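Q: Okay, handing you the structure first.
The values are calculated or read from the model by the stated rules, or taken from the named source; none is laboratory data. Values in this document were obtained by computation on a predicted structure and should not be read as measured data. Virtual Cβ from ideal backbone geometry, glycine too; neighbours counted across all protein chains shown.
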Amino acid sequence: MKEFISSFREGSISFVRVITAAVLLLPLIAQLECTTVNAYPFITDSDGAQATAMASSQASIMGVYMALDTDYGYASGFASAYADISGEHPYIEGWPTSTAKVVYDASASAIAAAGTGTLRVRADSEGDIYAFGSKISDIGSSAWAEAWMLETMHFYSASGSPITAPFPVTVVWDVGGSINALYENAYTQYNTAVGGRQWFIGPDWSNDLLDGTAYISRTIWMNPYSTAPAWGYPWWTYDPLDLSISASIHVDLAEGWANFMSTGQFSIIVPEGISWISSSGIFLTENNGPGPNPDAVPEPSTVLLLTLGLGGLALMRRKARA
């Protein structure tokens, strides 16, 4: 009889422990489920980042003295490229090879990063061309770099309720740097499209960067009830709460330098209560911007319950061992 009572008590204690553990684990279970709450089924191939860098000597023959590097990050949101050459080679176009030469030194780099919403480029070039012991040109090499990014954002109500009224979205594209070369060309291009990337219409908004700066602030009104014509392409999709943005920075120069390595920054301003996700899932997340699903971030109360639950389980395990 005593053995039966003892077994019954142990069984009751085990049952109570299971129930208690289940209760304590409820915050953890709820947290695991909340990672998909309000997740928008955002499937698109519109995000991308591309960087191209080239360094070449002047008077090169069929590109023999050229360094080119490209890296295309498709649906990854990051790309980088770097090219570097230096040395000398004969200048043979109309000059005796024994007396004419090209001395060259050029490098270029480009970075496109969706996580920070930045594009960065840099280029350097210097060199000379000599013939019969005399310098005949101040330009012996050239450098070229370009970084490009495309992202699509989908906007939704942070509360989970449908958006029923138009709202403004301000996209800021801010570039600052410097360029100084004998031959220089630098510009940035920027564009937006409501409904998705296939709705980019007209030329990009282009700014000359020879003075080193460009600041473009564009406010777009998103209307959840708007529609767009298919223009004879009925397979083109249109979501009035999708906004695509595209930007690039380009420099090419000879005998000088350009530095746009700490600039080219996107920022997005939306009204209170509006959230968004990006096609890459990482756009601006490294700058404290909203992530792929801001509503999935646990509230402080949930974190507290989760901590208490795990702490209670640890205490029960310690008592059981004792």
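Q: Applying the selection to the range 161-195, what residues are small (G, A, S) and either in contact with a helix residue (DSSP H, G or I) (Cβ under 7 Å, 6 or more places away or on another chain) or closer than 18 Å to S248 by Cα (or both)?
A: G176, G177, S178, A186, A193
Q: What's the number of the condition S98 fails, among (1) under 28 Å from I249 (Cβ atoms); (2) modelled with pLDDT under 75; (3) among the small types (G, A, S)?
A: With respect to (1) under 28 Å from I249 (Cβ atoms); (2) modelled with pLDDT under 75; (3) among the small types (G, A, S), S98 is out only on (1).
Q: For the range 225-241, indicate whether the set of residues that are surrounded by fewer than 17 Cβ atoms within 10 Å (Cβ to Cβ), part of a strand (DSSP E or B) and free of Cβ contacts under 8 Å to residues at least 24 places away in the same chain is non-empty.
A: Within the range 225-241 (the criterion being surrounded by fewer than 17 Cβ atoms within 10 Å (Cβ to Cβ), part of a strand (DSSP E or B) and free of Cβ contacts under 8 Å to residues at least 24 places away in the same chain), the answer is no, since none of the residues qualifies.
Q: Now for a separate question. Only residues that are among the hydroxyl-bearing types (S, T, Y) and without any contact (Cβ under 8 Å) to a residue 60 or more places away in the chain: list them for the range 188-224, please.
A: Y190, T192, S206, T213, Y215, S217, T219
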